[in-house]
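Each remark here refers to the structure printed beneath this line.
The values are calculated or read from the model by the stated rules, or taken from the named source; none is laboratory data. Just so you know, these numbers come straight off a predicted model, no measurement behind them. No Cβ is skipped: glycine too gets one built from the backbone with ideal geometry, and neighbour counts run over all protein chains shown.
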Amino acid sequence: MTTQQKDLCDFFGNFYPKGEQHNKKEVLEVVTTQRFGSKYFDVYGDIQNPLFVAVEIAEMIEIQNTTDLLKRVDDDEKLTYVISRAGQKREMNMLTEFGVYEVLSQSRKPLAKEFKKVVKHILKEIRLNGYYMAGELVEEPQTTIKAPDTLAEAERYYIDTLAKAIAEAQNMDEKSRLTSKLTRFMQEVEPQWN
């Protein structure tokens with residue numbers, strides 16, 4: 001994965017909430033500040049519902065007119081919130097996570113093309129594996145025990161497990177018996193060595 005593709009993954013998945021989600025009438029606070037390439041932008045809302053300042057997204061993908069950007073998304077993907085910037089409260093157009101996805105999927109800019117490549121890669125991984133995991137696998141996943149499908153299989157598993165436990169117990173008894181014999185033998189032989 002290229003640095004730019006990694007930045008795209010981090011863009012959406014690498015921020016942590018510092019507060020709770022706010023009502024639209026309340027002033028939204030910055031949840032985190034993210035870097036994408038050489039630009040920094042603020043994320044508002046919370047981890048479940050991140051909100052992005054529309055003008056920052058427009059600048060990031062080189063769209064000159066934010067109004068044009070907002071026309072590209074559905075009404076439920078754009079909101080107006082009050083945010084605090086440089087000590088002033090300002091009403092700003094915000095994009096939801098889905099709004100950002102929509103804008104990027106429509107754009108032909110190089111950054112948007114990279115984003116689409118990352119999304120396609122993730123979708124393919126999900127199709128092939130049933131999940132997507134970013135980064136490298138640190139350790140092999142633990143094998144799972146298959147649950148029995150029928151009562152007969154469950155009984156067979158129980159009997160096999162019980163038989164193994166009995167065999168181990170008998171083995172322990174045998175070891176204990178042999179240890180006792182060895183101890184007695186050593187006690188009998190020891191006087192002969194002195």
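Here is how the numbers come out for the structure above:
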{"read-out": "E139 under 18 Å from the mean Cα position of the chain (by Cα), at pLDDT below 85 and over 20 Å from V31 (Cβ atoms)", "value": "yes"}
{"read-out": "Selected residue [touching a residue at least 12 places away in the same chain (Cβ under 8 Å) and over 26 Å from L123 (Cα atoms)] from M92, M60", "value": "M92"}
{"read-out": "Scan of the range 58-78 for residues that are of a type in the set (V, I, T) and at pLDDT below 90, ordered by number", "value": "I61, I63"}
{"read-out": "Among (1) within 26 Å of the chain's Cα centre (by Cα); (2) touching a residue at least 24 places away in the same chain (Cβ under 8 Å) - the single one S84 does not satisfy", "value": "(1)"}
